[in-house]
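See below for the structure under consideration.
The values are calculated or read from the model by the stated rules, or taken from the named source; none is laboratory data. Values in this document were obtained by computation on a predicted structure and should not be read as measured data. Reconstructed Cβ throughout: ideal geometry from the backbone, glycine too, with neighbour counts over all protein chains shown.
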Amino acid sequence: MTCDSCTKLIKMVAEQNEAVVTAVDFEKHSVTVACEPEKLDKLKQELAEKGYPEKGKEGGTRGNPERVKKYISAIVAGEPHVAVETNLLNYAVGSMAVLTVLGGIAYVTILKDLANVSAYAPLLLLTIIGAVVTVYSYYHMKCYRKAISCMNGMMVGMTMGMITGFMVGALIGATNGIFIGSTAGIIVGMALGGNIGRCCGVMGAMEGIMAGLMAGIMGAMTSIMMLRDNLVLFLYILFGVCAFLLTGLSYLMYRESGAAPKVEFKYNFTDFLSTAATFAILIAAMMLYGPKGLLIYP
């Protein structure tokens, strides 16, 4: 027990087990919970799983990679407590497949005669990957908007703004130059970071907006600096790391707030696909048809 976020998480677990938190002592890092005797063992187990073992006993699992493995396994298996994540994962995989096929068709029928389009092919694939990963994380965070604490809300806003701004800035910076890339990265990063961060008020929104501002500029600058040094390979590494961080953000929400409330899950596959497609098409159109700077790939 170290902060208000700990208190909120423990109270949530207690309420789920029909228990009541009666006292919190930050100096002793302890909490007292009252519950029916038959509920006690289950309550202790769930608190230990969240990283709060019974006093005098070891077993806190914060930082334990086994919890991450169980979380991923539960999503793949479609267990009830991660139904939201399972649905979003299915939508993401389906959208990735559909957009890749449609992108391939557009490439060989509509885009094949455009200048530099063959060199842009691996970057266009990244627009699909980035769009799907971003939409997954955005929808997932929206499902948690009523359960996010102020501290976690700032982290969510900052991470969304930073990651999305950097990805967009890096992609468009590579093909269109630092000015267009920075501008696009700033717009996307600030919009998503501010929108998600505002779940906990002005502070979270400002964190997201500032993160988007910095990341959009840095993404475009990074691509320009690496134009002649394995840029495409670097971008794939970058997007892999960004996808990993957004996945970690989703796990953070589950870890700190419990299962995403199903009542907040209002999205279906059509919503997911259309949003990802719109995002990918806008970025691709900017890459192919937007103004070009002096230093660009290839």
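If you scan region 203-243, which residues turn out to be assigned to a helix (DSSP H, G or I) and either touching a strand residue (DSSP E or B) at 6+ places or on another chain (Cβ under 9 Å) or polar (S, T, N, Q) (or both)?
T222, S223
If you take the residues of region 201-258 that are touching a Cys at 6+ places or on another chain (Cβ under 8 Å) and small (G, A, S), which of them is surrounded by the most Cβ atoms within 10 Å (Cβ to Cβ)?
G204
For region 244-298, give me the residue count where each residue is among the aromatic types (F, W, Y), out of contact with any Gly (no Cβ under 9 Å at 6 or more places or on another chain) and assigned to a helix (DSSP H, G or I).
Selection size over region 244-298: 4.
Six or more apart or on different chains, Cβ atoms under 7 Å: show the pairs whose first residue is in region 138-149 and closer than 21 Å to V188 by Cβ and not assigned by TED's automatic domain parsing to the domain that holds E85 and whose second is β-branched (V, I, T) and not in a helix (DSSP H, G or I).
Close Cβ pairs (under 7 Å, with a partner that is β-branched (V, I, T) and not in a helix (DSSP H, G or I)) do not exist here.
Take the residues in region 1-32 that are over 18 Å from M151 (Cβ atoms) and of a type in the set (G, A, S), then tell me which one is modelled with the highest pLDDT.
Ranking the qualifying residues of region 1-32, first place goes to A19.
Any residue that is over 23 Å from A191 (Cβ atoms), modelled with pLDDT of 90 or more and not hydroxyl-bearing (S, T, Y) - is there at least one of those in region 235-245?
Taking every residue of region 235-245 in turn, at least one turns out to be over 23 Å from A191 (Cβ atoms), modelled with pLDDT of 90 or more and not hydroxyl-bearing (S, T, Y).
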